[in-house]
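S.K.: Quick one: this structure, given as structure tokens, is what I'll be asking you about.
Nothing in this text is a laboratory measurement; each read-out follows from the coordinates by a stated rule. Please read these numbers as outputs of a predicted model, since none were measured by experiment. We place every Cβ from the backbone using ideal geometry, glycine too, and count neighbours over all the protein chains shown.
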């Protein structure tokens, strides 16, 4: 027996046939009702809401074909089995074309009735399951706090859930059928969805972007994930975009940056004064120092300088995350690299290190912020000096690539283990072992390098082996004269 009884209506002017159908179908767990003509059959459909209708084609008052047409017009999803006796097979085929799901020829055996009814009810069950699943999916999508947008293969809106409708001003109207570029004021999202539906499924990569909706006074920040929409057969039928509101995270991040900037600035200013006074004492201006005093004051000065550097790095990181690096322009890397090497040359000389700069002739310019890129090279070169033992060597080189410039900083220092290489770009992570324990650092230099380089559309890579030194490779895309007008 079925878990849920199916309701079956038998429409036939012969009482004997109606009774046969009842005796065969009710033991199977179905609920059977009857009508002796087409008019009563239509009334029974409205009253009983059957899952399946068995209808005789040859009836007085209203024949089966007329009944089938009227019933299908009112209930297009209802299933029918036509019963034909005196009518020809062509009549049954005509009924199938009009929407009947199957037919039975009189006289039929109980087993034949059971087989036909079971076959059609399997189809009914599948349709009902699909309708339930579709309803559940729609309820789920409509109740999501994330915005959801589905477009068809022509880029027209097929679905926009209430959350996205509120964000885009469509809560009182329906944008279905409009092109995506007309439905949402987001060229980035429209472009991503159009790119997806115009590509081959195997070549598509999901796309993420961030957009801002709303007014300048009350902006809404959204993280958008775009992906292909695929049917059950694995064919792409459109594209999907999910909008995640990250406004609260943006505000929290802005507040964090403001607090960090304020604290770092308030720390750096007085400590710079303290460091200046300690350095004055070390120079003997306040009188001669014993070796013990010089050692202790020197250690204190180094620690103060470390805190000042940490404050500076925090300020730099806050500026980078706030997007206030500066104006982008064409930048000649050669003078930046020469200056960074010159500044670090004195420290390298103190340690007996060789510091060499190798530049390609006619090095092409890159598009970026000169001061920020200078900080990148300063970080990498000063790290190389710090983490290379006395009498080691550091080589800074720059050469042209197809579409870019590669700057590398190679040293013969301590090197990094594979585990350290995976974490070295994380904030505040520092390698601490017997060789590096006494080296002062903030753990923010390399994260700043990575962030600045990626904000310039470039990449940074590390090649290193313990005891054999490290090489940091920075690749920056080339600039062009037209970009300075942006």
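S.K.: If packing is taken as the average count of other Cβ atoms within 10 Å, what order do 396-405, 236-245, 464-473 fall into, highest mean first?
M.R.: My ranking of the peptides, most packed first, is 236-245, 464-473, 396-405.
S.K.: Can you give the % of DSSP beta bridges in the chain that are antiparallel, to the nearest 5?
M.R.: Counting DSSP beta bridges with both partners in the chain, the antiparallel share is about 70 percent.
S.K.: Give the calculated FRET efficiency between residue 332 and residue 393 to the nearest 0.05, with a Förster radius of 30 Å applied to their Cβ-Cβ distance. Show your work: numbers first, answer last.
M.R.: Numbers: r = 26 Å, r/R0 = 0.88.
Result of the calculation: an efficiency of 0.70.
S.K.: Contour minus end-to-end for residue 295 and residue 153, with contour as 0.36 nm per residue of separation and end-to-end as the Cα-Cα distance?
M.R.: Stretched out fully, the residue 295 to residue 153 stretch lengthens by 43.7 nm.
S.K.: Sort 359-365, 117-123 by packing, meaning the average of other beta carbons within 10 Å per residue, with the highest value first.
M.R.: 117-123, 359-365
S.K.: Nearest 10 degrees, 0 to 90: what angle lies between the long axis of helix 187-197 and the longest principal axis of the chain (Cα atoms)?
M.R.: 60 degrees
S.K.: So, R0 is 35 Å and r is the distance between the beta-carbons of residue 97 and residue 209; what FRET efficiency does that work out to, to 0.05?
M.R.: The pair residue 97/residue 209 has a calculated efficiency of 0.10.
S.K.: Taking the 0 to 90 degree range and rounding to the nearest ten, how far is the long axis of helix 333-350 tilted relative to the main principal axis of the chain, both from C-alpha atoms?
M.R.: Roughly 50 degrees between the two axes.
S.K.: Each label point is 7 Å from the Cα along the Cα-to-Cβ direction; what then is the distance between the points at residue 252 and residue 166, in nm?
M.R.: Result for the modelled spin labels: 2.0 nm.
S.K.: Segment 38-108 to segment 379-415: how many Å between their Cα centroids?
M.R.: 85 Å
S.K.: State the extension gain, in nm to one decimal, for the chain segment bounded by residue 423 and residue 471, taking 0.36 nm per residue of separation less the distance between their alpha-carbons.
M.R.: 15.7 nm
S.K.: Can you quote the Å³ per residue value for the convex hull of the Cα atoms in segment 330-398, rounded to an integer?
M.R.: Considering the Cα atoms of segment 330-398, their hull volume per residue is 67 Å³.
S.K.: Can you pull the Rg over Rh of the chain, Cα-only, Kirkwood?
M.R.: When Rh is taken as the Kirkwood radius, the ratio is 1.28.
S.K.: Taking the Cα-to-Cβ direction at residue 285 and at residue 138 and moving 7 Å from each Cα, how far apart do the two end points lie in nm?
M.R.: 8.0 nm
S.K.: Next up: Please state the shape class of segment 329-485: rounded when a/c is under 1.5, otherwise prolate if a/b exceeds b/c and oblate if not, all from the C-alpha gyration tensor. Could the numbers behind the result be given before it?
M.R.: Values: a/c = 2.05, a/b = 1.54, b/c = 1.33.
Prolate.
S.K.: Using only the Cα atoms of segment 145-245, what are the Rg and Dmax in Å?
M.R.: 13.1, 47
S.K.: In addition: Using alpha carbons only, how many angstrom separate the centre of segment 146-175 from the centre of segment 346-377?
M.R.: Measuring centre to centre over Cα atoms gives 51 Å.
S.K.: Mind checking the angle between helix 64-74 and the chain's longest principal axis? C-alpha axes, 0 to 90 degrees, to the nearest 10.
M.R.: With both axes taken from Cα atoms, the answer is about 30 degrees.
S.K.: Continuing with the same structure: Determine the gain in length on full extension of the stretch residue 356-residue 188; use 0.36 nm per residue of separation and subtract their C-alpha separation, reporting nm with one decimal.
M.R.: Answer, rounded to one decimal: 56.0 nm.
S.K.: Dimensions of segment 7-139 along principal axes (Cα, Å, largest first)?
M.R.: For segment 7-139, the Cα spread along each principal axis is 48, 31, 28 Å.
S.K.: What number results when the radius of gyration of segment 99-192, computed over Cα atoms, is divided by 2.2 N^0.38 Å?
M.R.: Cα Rg divided by the expected 2.2 N^0.38 Å: 1.74.
S.K.: Shifting gears a bit: Please give the FRET efficiency for residue 233 paired with residue 123, using the beta carbon to beta carbon distance and R0 = 22 Å, rounded to the nearest 0.05.
M.R.: The value I calculate is 0.75.
S.K.: Sorted by mean Cβ packing within 10 Å, highest first, what order do the peptides 6-16, 416-426 take?
M.R.: Final packing ranking: 6-16, 416-426.
S.K.: Under the rule of -39500 (n - 2.57) per DSSP H run of 4 or more residues, summed and divided by the residues of the chain, what mean residue ellipticity at 222 nm is obtained, to the nearest 500 deg cm²/dmol?
M.R.: About -14500 deg cm²/dmol.
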